[in-house]
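The values are calculated or read from the model by the stated rules, or taken from the named source; none is laboratory data. From a predicted model like this one, the values you see are computed outputs, not experimental measurements. Don't worry about glycine lacking a Cβ; one is built from the backbone with ideal geometry, like all the others, and counts go over all protein chains shown.
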Amino acid sequence: MKAVFVCMHGNAARELIQSAEMICGEQENVGYTFFDVGETPEDLAIKMEHEVAKLNVDEGILFLTDLKGGTPFNVLVRNLDKFMQAELLTGANIPMLLEALISRDLFSLTDLTNQVLETGKTGIYRYVAPKEFEDDDF
């Protein structure tokens, strides 16, 4: 089973995983850490290494972060070569995490990453109310 690891600013990573588990149940081989106020990138790298060590990464690991160019992303970019098979996506959202958790045994790591990326893109949607509802008083 491929590992999934979420790293974001503040408590977002923990909350994202908890939200996903509300939908698809408790998951194995999933981890997270967060970048907190007052921490350095080195602090985050140490926390990340400690948490990732708890996972089985033999089949690969998919990292999800919140922001391209943010500290979690930058720390992962500098450390990605420590893994035999690793992929990194930014802009993580609940649909992406759900796709990763549900599909991680169905695809190669590369194909899983592409599937998760596409799910993230299609999960963003602008709802426009039909004209007939715009004039109604609520």
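What to note about this one:
- Count of region 78-89 residues which are among the acidic types (Asp, Glu), farther than 12 Å from Phe5 by Cα and either in contact (Cβ under 8 Å) with a residue 12 or more places away in the chain or surrounded by 16 or more Cβ atoms within 10 Å (Cβ to Cβ) (or both): 0
- Hey, Leu117 surrounded by fewer than 17 Cβ atoms within 10 Å (Cβ to Cβ) and part of a helix (DSSP H, G or I) or not: yes
- Selection from region 90-114 of residues that are of a type outside the set (Gly, Ala, Ser) and closer than 21 Å to Lys54 by Cβ: Leu97, Leu101, Arg104, Asp105, Leu109, Leu112
- Residues within region 1-46 that are assigned to a helix (DSSP H, G or I) and either crowded, with 17+ Cβ neighbours inside 10 Å or not charged (D, E, K, R) (or both), tallied: 14
- Of all residues making up region 78-102, the number that are in a helix (DSSP H, G or I), closer than 19 Å to Glu15 by Cα and either touching a Leu at 6+ places or on another chain (Cβ under 7 Å) or of a type in the set (Asp, Glu) (or both): 5
- Complete set of residues in region 82-100 that are under 18 Å from Asp58 (Cβ atoms) and at pLDDT 95 or above: Gln85, Ala86, Glu87, Ala100
- Among the residues listed as Val57, Val75, the single one being surrounded by 15 or more Cβ atoms within 10 Å (Cβ to Cβ) and part of a loop (DSSP other than H, G, I, E, B): Val57
- So Ile124, is it over 16 Å from Val6 (Cβ atoms), of a type in the set (Val, Ile, Thr) and at pLDDT below 95: yes
- Scanning region 2-36 for residues that are touching a residue at least 24 places away in the same chain (Cβ under 8 Å), on the phi > 0 side of the Ramachandran plot and not polar (S, T, N, Q) returns a single hit, Gly10.
- Evaluation of Ala92 against the conditions (1) touching an Asp or Glu at 6+ places or on another chain (Cβ under 8 Å); (2) under 21 Å from Ile124 (Cα atoms); (3) free of Cβ contacts under 8 Å to residues at least 60 places away in the same chain shows that the sole unmet condition is (3).
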